[in-house]
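Step one of this worksheet: look at the structure below.
The values are calculated or read from the model by the stated rules, or taken from the named source; none is laboratory data. Model, not experiment: these values are computed from the prediction. Virtual Cβ from ideal backbone geometry, glycine too; neighbours counted across all protein chains shown. Surface areas here come from the heavy atoms of the whole protein model, side chains and all, with no ligands, DNA or RNA. Shrake-Rupley method; radii C 1.70, N 1.55, O 1.52, S 1.80 Å.
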Amino acid sequence: MRVLFIGGTGIISSACSPLALQSGMELYLLNRGKSPRGIPEGAKVLNGDVRDRASLEAALGDLTFDAVVDWIAFTPGHIQQDIEVFRGRTGQFVFISSASAYQTPPSTLPVTEATLLDNPFWEYSRNKIACEETLVRAYRDEKFPFTIIRPSHTYDQTLLPFDHGWTVVDRMRRGKPVVVHGDGTSLWVLTHHQDFAKAFVPLLGNSHAIGEAFHITSDEWLDWNQIYDIVAKAAGTEAKKVHVPSDLIAAHDPGWGAGLLGDKANSMVFDNSKVKRIVPDFAATIPFARGAEQILAWYEADPSRQRVDERKDALQEELIQKIESLR
C-alpha cells in the first residue's frame, strides 16, 4: 500500500512513520527537511512545501496513493487545497484534527465521536472544526474519501505536559512553587505517541474508516495535580503547587489562557470504543509515569535542552504573588 504523509516527522507522526513501514507500507514523506527528528529508514522523501502549491505539485509529480495523511493542515484553506490536489489521486485522505474541537466544556463525559463540535474559547479549535466541515461538504458533494482523526494531548520524549515546559521543572528543582491552573482536579488524558500509532496505522487503507471521525487516546485518566506530581517524581523532586484560576491566567497571558479555557482547564476524558471496533487489538499500554521518565531522561541526556524561559519564569512569579496577596 502506497501512503503519503504530509509532514511525518512531528511529535505524533514520528511514531506513526516507522510503524507504517514495519507494517509493509510504501511510505512517502513530503516535507521541507527541516525537522530535528530524522527520517525513518525506508521512507521515501519528497522535498516540497505544502504551503506553496507549485512546490507541492512538483514534488508529487504523477504519483497516486492509497492513503494521504495531512499532519499539518490548520485552516479551511489548507484543506481546500488538499481536496483540489488529491482529488482522484488517493483512495483515502486523512485529516489530523484535534480533540479540542469537541464541545468545551463538555456537557457529558466521557466524550464520544458523537459529542458536538463547539469551542468558543480557542481559535485553533474553531479552525479545526471548519476544516472538518469542509471535508464533510466535499464528501457529500463528490464523495471525497476523508477520514478525520482527533488526537488529544499526545506526547513523545521531547514534550513536557506544561505550557511552560522545562521552566516548570527548573522551578521544582529549585524548590520554587509552580502554577497549576484551577484547583488541579480537572481530569486529563496524556497519550504516548507510540500508543497513538498502534490505533492510527491500521486505519490507513481501511474502508470502514472512510467518511468517519475517530479520536485516539489513552484510557488513563489523571488530574493535573497528579500530572505535576508524576513529573516531579521523575525529576527527583516535589511539586509545590499554587492553584491559580484559569481566567486570571488568561488576563495575564491571553495565549496561555486560550489554551487553558479552550482545552486544559476542562475535564476531558474519552470513550475509545469506536476506534477499538475498527482496530480490535488496540490498547494504550504506556502509563504517563513511564512516559515522564522518558521525558526527563531525554532532557538529562543533553543539558542544552534544559532551557529556562525568563519571561515565563517571571510570569509564574507574578501569578503566584497575586494569589498570595489575595489570601
>> Suppose the filter is within 19 Å of the chain's Cα centre (by Cα), open to solvent by 10 Å² or more (accessible area, probe 1.4 Å) and within 30 Å of HIS243 (Cα to Cα); does HIS193 pass it?
In response: yes
> Does ILE323 count as buried (at least 18 other Cβ atoms within 10 Å of the Cβ) and of a type in the set (Val, Ile, Thr)?
Replying inline: no
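Conditions tested, residue by residue: (1) buried (at least 18 other Cβ atoms within 10 Å of the Cβ); (2) closer than 30 Å to ALA314 by Cα; (3) polar (S, T, N, Q).
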{"residue": "LEU222", "(1), (2), (3)": "yes, yes, no"}
{"residue": "ALA234", "(1), (2), (3)": "yes, yes, no"}
{"residue": "MET268", "(1), (2), (3)": "yes, yes, no"}
{"residue": "ASP271", "(1), (2), (3)": "no, no, no"}
{"residue": "LYS276", "(1), (2), (3)": "no, no, no"}
{"residue": "ALA289", "(1), (2), (3)": "no, yes, no"}
>> Take the conditions at pLDDT 95 or above, loosely packed, with under 15 Cβ neighbours inside 10 Å, under 27 Å from ASN127 (Cα atoms) and touching an Asp or Glu at 6+ places or on another chain (Cβ under 8 Å) and apply them to ARG87. Does it pass?
In response: yes
>> If PHE282 satisfies all but one of (1) part of a helix (DSSP H, G or I); (2) open to solvent by less than 30 Å² (accessible area, probe 1.4 Å), what's the number of the condition it fails?
In response: (1)
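Condition check ((1) in contact with a Phe, Trp or Tyr (Cβ under 9 Å, 6 or more places away or on another chain); (2) free of Cβ contacts under 8 Å to residues at least 12 places away in the same chain; (3) open to solvent by 10 Å² or more (accessible area, probe 1.4 Å); (4) closer than 21 Å to ILE249 by Cβ) across all residues:
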position: GLY165; (1), (2), (3), (4): no, no, yes, yes
position: GLY184; (1), (2), (3), (4): yes, no, no, yes
position: LEU187; (1), (2), (3), (4): yes, no, yes, yes
position: LYS198; (1), (2), (3), (4): yes, no, yes, no
position: PRO202; (1), (2), (3), (4): yes, no, yes, no
position: SER207; (1), (2), (3), (4): no, yes, yes, no
>> Is it the case, given these coordinates, that GLN316 is part of a helix (DSSP H, G or I), under 19 Å from the mean Cα position of the chain (by Cα) and polar (S, T, N, Q)?
In response: no
> Can you tell me which residues in the stretch 57-72 are open to solvent by less than 60 Å² (accessible area, probe 1.4 Å) and charged (D, E, K, R)?
Replying inline: ASP70
> Going through the stretch 115-133 one residue at a time, which ones are hydroxyl-bearing (Ser, Thr, Tyr) and either in contact with a strand residue (DSSP E or B) (Cβ under 7 Å, 6 or more places away or on another chain) or free of Cβ contacts under 8 Å to residues at least 12 places away in the same chain (or both)?
Replying inline: THR115
